[in-house]
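One structure is given below, encoded as structure tokens.
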Amino acid sequence: AFAVSVVSEGAEDETELPVLQKSEKSRTISKTGRELKEIVFVIQSQSNSFHSKRAEDLKRDILKQAVDLGKELPTVLLIHQIDRHEGAWTILPLMRDFSVTYGRNSSWIFFCEEDTRLQVVKLLETLRRFDKSKEWFLGKALYDEESTIIHHYAFAENPTVFKFPDFAAGWALSIPLVNKLAKKLKSEPLKSDFTIDLKHEIALYIWQKGEGPHLTPVPEFCTDDVNSYKIDNCATTFSNFLPLCGEPVNKEDVFVAVKTCRKFHGDRIPVVKQTWEREAALIEYYSDFADISIPTVDLGVPNTDRGHCGKTFAILERFLNHTSPRTPWLVVVDDDTLISISRLRKLLSCYDPNEPVFLGERYGYGLGTGGYSYITGGGGMVFSRTAVQKLLASKCRCYSMDAPDDMVLGMCFSGLGIPVTHSPLFHQARPMDYPKDYLSHQIPVSFHKHWNIDPVKVYFTWLAPNTEESHNGKKVEYNREDL
């Protein structure tokens, strides 16, 4: 893959090395080469052009490090290219393939995100500490400080006891554990239920109610910024807090649709107006009642207690038919979503609105048995105009007015062959529902729900423009209370 001339340090003195020292050096090089060949790198990539390019760049960097070391090239896989599985991103459905293909000649499967940065030599040194013939689940440990709805209130008595990996730092499974998981999946296929927080669910599956291994914390798996002074001992670092690919998109390029209903006009809409409404140039509130004081638009769709599929499809039709065709982006949020439009404009600079983009926090339904992925609505759903055009040109619609809109949209886009695009910066829950260490390497775009919080305070602590800025590409620490 690379035509590179590799010259080791001190090569001019090679002839002066004693024979024993030279053979020892050869054995070390040979051992390191073999160890590298025994690692399968899996990048948790996505097919959207922005994400796939970043994943390809990381793959090239891993292979270049191998070449610079004078080693054989390791296997580097991109999840989005393993297209036999709609649910490949959930990892567990791939275990049988990994076991069959790499179960004999490899030692580790190492997973990482497209923005994880690796020091291959340091990674080899780190993995060397663990007996590869045993079952290991390695990563940077996260834990819940209090039980949370996104983990179904697991370990309610003491949620700190259960550790799960921060994917941004990379995580690893030894091949004996991969083989064990593959065998288990063969006899007990994954249930067709929801994938909500993959890192927690994978750790639960591996743990097997105490019969399998716990996550072993590895201090060399880090999420410090690549510019941090702390990274000398890190095998991995993390390179991106909020992507920016040129100038942020214009305010007028983002149309914001807020879903509300009459009973929330008095308490939720004032929060939007006190917080993020001022950031939006184009915004409309859609309700079951026309209230000129807000103002709201009555779409003629009655409010439903469950899903809001009818309302959301009416919003999509209105966006396509009643807004300027030069407005490339639509954002649909709930009336209790807290969002930073200025950060979203930065993020959207990385996406091509001519592609069918459906962006937000990705969930899955029934992915073990051929289900589909979807963008969960509370954190905000972002559509390119192209995606809306393709969706409405199809015959895919709500099976009932109160069907869950986000799931129907996921089903429709899956049927059209349009993948959802995940960003961890959108959040279906509140800041306290996530580990602090997980949020520490993000500049978040959204949170959701007003339960037991002061939503105005949460907005100004986490999302307001003056809390976000970074200088010279370096993250600025900002003061956050325990909210």
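Being of a type in the set (A, V, I, L, M), touching an Asp or Glu at 6+ places or on another chain (Cβ under 8 Å) and either at pLDDT 95 or above or not assigned by the TED database to the domain that holds G360 (or both) holds for only one residue in V226, V218, V256, V249, and it is V256.
Within segment 47-75, residues that are over 23 Å from C350 (Cα atoms) have Cβ atoms under 8 Å from residues that are surrounded by fewer than 15 Cβ atoms within 10 Å (Cβ to Cβ) and among the acidic types (D, E) in these pairs: A66/E72, counting only partners at least 6 apart in sequence or on another chain. Looking only at residues in segment 87-105 that are of a type in the set (S, T, N, Q) and open to solvent by 20 Å² or more (accessible area, probe 1.4 Å), the one that is nearest to L185 (Cα to Cα) is S99. The residue that is surrounded by the fewest Cβ atoms within 10 Å (Cβ to Cβ), among those in segment 175-207 that are touching a His at 6+ places or on another chain (Cβ under 7 Å) and part of a helix (DSSP H, G or I), is W207. For segment 296-304, indicate whether the set of residues that are open to solvent by 60 Å² or more (accessible area, probe 1.4 Å), touching a Phe, Trp or Tyr at 6+ places or on another chain (Cβ under 7 Å) and either not assigned by the TED database to the domain that holds I453 or not in a helix (DSSP H, G or I) (or both) is non-empty. The answer is yes; a qualifying residue exists.
Output the residue which, of all residues in segment 62-75 that are under 15 Å from V40 (Cα atoms) and among the charged types (D, E, K, R), is most open to solvent (accessible area, probe 1.4 Å). Only one residue tops the list, namely E72.
Within segment 218-254, restricting attention to residues that are in a strand (DSSP E or B) and touching a Pro at 6+ places or on another chain (Cβ under 9 Å), the residue that is farthest from P328 (Cα to Cα) is F221. If you go through segment 225-242 and keep only what is surrounded by 19 or more Cβ atoms within 10 Å (Cβ to Cβ) and touching a Phe, Trp or Tyr at 6+ places or on another chain (Cβ under 9 Å), you end up with D225, C234, A235, T236.
The values are calculated or read from the model by the stated rules, or taken from the named source; none is laboratory data. Because the structure is predicted, anything quoted here is derived from the model rather than measured. Because the Cβ atoms are built from the backbone with ideal geometry, glycine has one as well, and the counts that use them run over all protein chains shown. To get the accessible areas, we keep the full protein, side chains included, count just its heavy atoms, and leave off ligands, DNA and RNA. Shrake-Rupley method; radii C 1.70, N 1.55, O 1.52, S 1.80 Å.
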